[in-house]
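Before I ask anything, here is the structure I am working with.
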């Protein structure tokens with residue numbers, strides 16, 4: 001049995017019975033289901049990076065952010081060790097987040113272009129951001145087993161957002177693959193076989209079932225520093241996502 005903090009309920013049960021996004025976020029923050037991830041996130045929070053040595057790290061799973069009833073969602077890989085794992089908010093306080101939130105601001109989906117702390121006043125518009133894995137993984141590489149253990153949190157979050165969700169932007173191939181697990185659980189419909197291939201700008205739909213899935217290279221430093229993902233490329237994906245979501 002996979003256990004979470006404070007009891008012996010398995011993650012699927014704890015996720016499925018969350019009545020709203022606020023309670024789901026609380027339960028996510030208490031999860032201790034993956035021993036490797038728990039050990040790593042807590043070690044990072046205890047040792048800290050020198051630049052942040054005076055800060056208290058979150059050191060727990062990082063819930064999603066954004067309003068209920070969002071039309072557009074952004075699905076990432078996992079929190080950064082010294083980003084979300086430090087600040088307690090997804091993509092907040094790291095260079096990947098700097099790129100993402102600046103683009104969301106340009107797209108009119110955020111009220112400010114920066115995100116440095118949970119209480120910095122950032123608000124998202126019609127957009128929810130979450131991750132396939134909610135704990136910071138070593139080397140930014142969660143395992144497929146950790147992704148699958150974490151999947152019920154994602155499934156319940158999608159259910160609670162509800163039918164307003166029109167499009168999901170998957171940042172990278174790992175998030176793209178994680179999305180398809182939602183089909184049998186959330187939509188009572190098998191995922192397509194074979195799975196649609198990930199690519200930057202790739203669009204996948206299952207006719208009449210769930211939101212569209214739009215691929216985007218991850219906003220990682222490796223991709224942005226090398227020019228694999230440019231601001232223009234990211235802006236174009238978000239413009240397409242707004243169109244699909246009926247926000248253009």
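The values are calculated or read from the model by the stated rules, or taken from the named source; none is laboratory data. Every value quoted in this text rests on a predicted model; they were computed, and no experiment measured them. Note that we place each Cβ from the backbone using ideal geometry, even for glycine, and neighbour counts take in every protein chain shown.
Does residue 197 satisfy the criteria of being in contact (Cβ under 8 Å) with a residue 24 or more places away in the chain and outside any helix (DSSP H, G or I)? I'd like the intermediate steps shown before the answer.
Working: in contact (Cβ under 8 Å) with a residue 24 or more places away in the chain: no; outside any helix (DSSP H, G or I): yes.
So residue 197 fails the test.
Within segment 106-116, can one find any residue that is outside any loop (DSSP other than H, G, I, E, B), surrounded by 15 or more Cβ atoms within 10 Å (Cβ to Cβ) and at pLDDT 95 or above?
So in segment 106-116, the residues outside any loop (DSSP other than H, G, I, E, B) come out as 106, 110.
Filter once more, so that each one left must be surrounded by 15 or more Cβ atoms within 10 Å (Cβ to Cβ): 106, 110.
Checking which are at pLDDT 95 or above leaves us with 106, 110.
Yes - at least one qualifying residue is present in segment 106-116.
State whether one or more residues within segment 161-170 are assigned to a loop (DSSP other than H, G, I, E, B), modelled with pLDDT of 95 or more, touching a helix residue (DSSP H, G or I) at 6+ places or on another chain (Cβ under 8 Å) and more than 25 Å from residue 31 (Cβ to Cβ).
Going residue by residue through segment 161-170, those that are assigned to a loop (DSSP other than H, G, I, E, B) are 165-166.
Pick out the ones that are also modelled with pLDDT of 95 or more and you get 165-166.
Of the ones still in play, those that are also touching a helix residue (DSSP H, G or I) at 6+ places or on another chain (Cβ under 8 Å) are 165-166.
Narrowing further to those that are more than 25 Å from residue 31 (Cβ to Cβ): 166.
Yes, some residue in segment 161-170 is assigned to a loop (DSSP other than H, G, I, E, B), modelled with pLDDT of 95 or more, touching a helix residue (DSSP H, G or I) at 6+ places or on another chain (Cβ under 8 Å) and more than 25 Å from residue 31 (Cβ to Cβ).
Another question, then. Which count do you get for residues in segment 125-142 that are farther than 18 Å from residue 238 by Cβ, assigned to a loop (DSSP other than H, G, I, E, B) and over 11 Å from the mean Cα position of the chain (by Cα)?
Residues meeting the conditions: 4.
Okay, moving on. What residue, of 199, 173, is surrounded by 14 or more Cβ atoms within 10 Å (Cβ to Cβ) and modelled with pLDDT of 95 or more? Talk me through it step by step, then tell me what you get.
Numbers: 199 fails: surrounded by 14 or more Cβ atoms within 10 Å (Cβ to Cβ).
The conditions single out 173.
In segment 25-41, what residues are farther than 12 Å from residue 146 by Cα and touching a helix residue (DSSP H, G or I) at 6+ places or on another chain (Cβ under 8 Å)? Talk me through it step by step, then tell me what you get.
So in segment 25-41, the residues farther than 12 Å from residue 146 by Cα come out as 25-31, 39-41.
Passing the criteria: 27, 28, 31, 40, 41.
Okay, next question. Within segment 117-145, which residues are more than 21 Å from residue 42 (Cβ to Cβ) and surrounded by fewer than 16 Cβ atoms within 10 Å (Cβ to Cβ)? First the steps, then the outcome.
So the first thing to find is which residues in segment 117-145 are more than 21 Å from residue 42 (Cβ to Cβ), and the list is 119-130, 144.
If the condition is that a residue be more than 21 Å from residue 42 (Cβ to Cβ) and surrounded by fewer than 16 Cβ atoms within 10 Å (Cβ to Cβ), then 119, 120, 121, 123, 144 are the ones that fit.
Each row is one residue, and each column tells you yes or no for (1) over 13 Å from residue 131 (Cβ atoms); (2) in a loop (DSSP other than H, G, I, E, B); (3) touching a helix residue (DSSP H, G or I) at 6+ places or on another chain (Cβ under 9 Å).
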site: 9; (1), (2), (3): yes, yes, no
site: 22; (1), (2), (3): yes, no, no
site: 55; (1), (2), (3): yes, yes, yes
site: 69; (1), (2), (3): yes, yes, yes
site: 75; (1), (2), (3): no, no, yes
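If you go through segment 202-216 one residue at a time, how many are part of a loop (DSSP other than H, G, I, E, B) and either in contact with a helix residue (DSSP H, G or I) (Cβ under 6 Å, 6 or more places away or on another chain) or crowded, with 18+ Cβ neighbours inside 10 Å (or both)?
First, pick out the residues of segment 202-216 that are part of a loop (DSSP other than H, G, I, E, B): 202, 207-208.
Now narrow it down to the ones that are either in contact with a helix residue (DSSP H, G or I) (Cβ under 6 Å, 6 or more places away or on another chain) or crowded, with 18+ Cβ neighbours inside 10 Å (or both): none.
Result for segment 202-216: 0.
While we're on this one: Does residue 9 count as more than 15 Å from the chain's Cα centre (by Cα) and modelled with pLDDT under 95?
On the way: more than 15 Å from the chain's Cα centre (by Cα): yes; modelled with pLDDT under 95: yes.
It is true that residue 9 is more than 15 Å from the chain's Cα centre (by Cα) and modelled with pLDDT under 95.
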